[in-house]
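Comments concern the structure below.
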Amino acid sequence: MPSTTSRKVEQSRRLQERAASLIPGGVNSPVRGFASVGGDPPFIVRGKGSHIFDADENEYIDYVGSWGPLILGHAAPDVLDAIVSAACNGTSFGASTPAEADLAELVISAFPHVQKIRFVSSGTEATMSAIRLARAYTKRKYIVKFEGCYHGHSDALLVKAGSGVATLGIPGSAGVPEEFTQFTLALPFNNVKAVEYAFQKFKHQIACVIVEPVVGNMGCVPAADDYLVALRLITEREKSVLIFDEVMTGFRVAFGGAQELYNIRPDITTMGKIIGGGLPVGAYGGPSEIMNLVAPLGPMYQAGTLSGNPLAMAAGCATLRHLRDHKQEIYSRIDKLSGELVEGVASAAKEAGVALCYNRVGSMFTWFFTPGPVTDWDSASKSNTEAFGKFFRAMLDSGIYLPPSQYEAAFLGTTHTAEDIRQTIAAAKQAFAAMRR
Ligand code: KE4
């Protein structure tokens, strides 16, 4: 991949070399390696508000926000204060602490269908546990997920979409035996007929449908009108569990997540990211009738050494309290600012004759390098990823840090300013002009 850049990269290159000798690809999560966009991943040393700084003292306007958690920006004062004061009392006890119920109350106050919640340490744990719970509750084996949706890296969910409309999962990763995905159906997103067909073909055998109610993991792709209603009606009729994976959308697209935005009540909700305020937290929750199956109350086992960790609970509580106390102003402002940003870049692309479309829901969005519209994996995958890579690298050189993949959502938070937006649109104009040369 091209390594020419106008940025100073010596320190990051040195750090990448060292990391790569110790950690696979030098990263602890694959997307951070910049494989799909090329160039030198900056090693970040600090963040403040909407900006991050790398080891070569480059400054960036950050639209990744740690992949969603940092809706309040980097080093938010309330969050830091909460973490520091919790840490002064110790970091972990492996015993119950008051803060777990504090965070549970805050989450449940925003998600009225959730009566009980279990905290874990990642979104992967949350979705893996939610699926186990749905199978325990329905005593059924099959699960439905959608192409382009990502719910973490548990075996049963790492499936490639099959060629047929309701083919059983083909392992999407080395090390996943086909036996582990044989009960996973991967269907096209935004296609109600495919869901109806699956429930006919596997009558009374489907434990759950898990969906990102606004997809972030093929880039941002909202559900078509009434698609979520159809999923709710079909799963109700078929007595199958509807799981909304709100790891990304929870407290992001609205204080009460996508289920508030679209007024749909799933059976189980999974969460992560924002509820940890930048520290490792995941969660799954739902009606007591279902949640009471979870050990130690019931027979469905799930556990975790650092689940409910006091520092993570403190960071989550500080974040959700701030969002709760300023929600009107916060969500309207980040929605408005995101709209100005996304439309400003799109009109710059139009002026430059660059084929681009976009999807946005609130403060999560993606520019797709394809005429579009992008409504599912099939249309998303028509994007020109090489053009995206050029755009990404040009923006990075101009001090704009976008998600390093065409198939990721970008995020704007409470600390982004009108000046950030102006600078970003100006950088995009430069990037598109350079792409035309
Ligand atoms: P984690 O295990 O990464 O905490 O959460 C998995 C997960 C579950 N559900 C949804 C909707 C998610 O978006 C995620 C993780 N999101 C990715 C970003 N697309 C995390 C970034 C990464 O993998 O490094």
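The values are calculated or read from the model by the stated rules, or taken from the named source; none is laboratory data. These figures come from a predicted structure and were not determined experimentally. Cβ placement follows ideal geometry from the backbone for every residue including glycine, while neighbour counts extend to all protein chains displayed. Ligands, DNA and RNA are stripped out before the accessible areas are found, and what is left, the full protein with its side chains, is counted by its heavy atoms. Shrake-Rupley method; radii C 1.70, N 1.55, O 1.52, S 1.80 Å.
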Taking K and R as +1 and D and E as -1, what net charge do the other residues with C-beta under 15 Å from the C-beta of residue 59 add up to? -3
So for each of 212-221, 396-405 I average, over its residues, the number of other beta carbons within 10 Å; can you give me the resulting order with the highest mean first? 212-221, 396-405
With a 1.4 Å probe and all protein chains kept in place, how do 51, 204 rank by accessible area, largest first? 204, 51
Residue 340 versus residue 81: modelled label distance in nm, points set 7 Å from Cα along the beta carbon direction: 2.8 nm
Using amide H atoms built in the peptide plane, which far-off residues or other-chain residues are under 5 Å from residue 116 H to H? 286, 288
Rounded, prolate or oblate, given the Cα gyration tensor of the stretch 390-436, with a/c below 1.5 counting as rounded? oblate
With residue 432 itself left out, Lys, Arg at +1 and Asp, Glu at -1 over residues whose Cβ is under 15 Å from its Cβ give +2
Which helices, taking whole DSSP H runs in the chain, have alpha carbons extending 24 angstrom or more along the helix axis plus mean Kyte-Doolittle at least -1.0? 327-352, 418-436
Expressed in angstrom and ordered largest first, the alpha-carbon extents of the chain along the principal axes are 58, 55, 46
Out of the DSSP beta bridges found with both residues in the chain, what percent are antiparallel (nearest 5)? 60 percent
Specify the inter-centroid distance of the stretch 264-308 and the stretch 359-429, based on alpha-carbon positions, in whole Å. 32 Å
Within the accessible area of the stretch 77-325 (1.4 Å probe), percent carbon and sulfur: 56 percent
Leaving out ligands, DNA and RNA but keeping every protein chain, what accessible area does residue 275 have, in Å² rounded to the nearest 10, with a 1.4 Å probe? 0 Å²
For the stretch 78-121, divide the Cα radius of gyration by the Kirkwood radius and give the resulting Rg/Rh value with two decimals. 1.02
Once amide H atoms are placed 1.01 Å from N in the peptide plane, what residues at a sequence separation of 5 or more from residue 50, or on another chain, have their amide H within under 5 Å of its amide H? 74
Cα-based Debye curve of the stretch 1-159 sampled at q = 0.11, 0.19 Å⁻¹ gives log₁₀ I(q)/I(0) of -0.71, -1.34
Mean residue ellipticity (222 nm) of the chain, computed from DSSP H runs ≥ 4 via -39,500 (n - 2.57), nearest 500: -11500 deg cm²/dmol
Keeping all protein chains in place and using 1.4 angstrom, which order do 326, 151 fall into by accessible surface area, from largest down? 326, 151
The stretch 77-325: antiparallel DSSP beta bridges as a percent of all, rounded to 5: 45 percent
Accessible area of residue 267 in the full protein assembly, 1.4 Å probe (Å², nearest 10): 30 Å²
If ligands, DNA and RNA are left out, what is the accessible area of residue 150 with a 1.4 Å probe, given in Å² to the nearest 10? 110 Å²
Per residue, how much accessible area does the chain show when a 1.4 Å probe rolls over the protein heavy atoms, in square angstrom? 43 Å²
Mind checking the log10 I(q)/I(0) for the stretch 84-199 at q = 0.12, 0.19, 0.23 Å⁻¹? Debye, one equal scatterer per Cα, no solvent, two decimals. -0.59, -1.05, -1.30
Can you sort 340, 289, 57 by solvent-accessible area, 1.4 Å probe, largest first? 57, 289, 340
Taking the stretch 77-325, the equivalent ellipsoid from its C-alpha gyration tensor has semi-axes in Å, biggest first, of 31, 19, 17
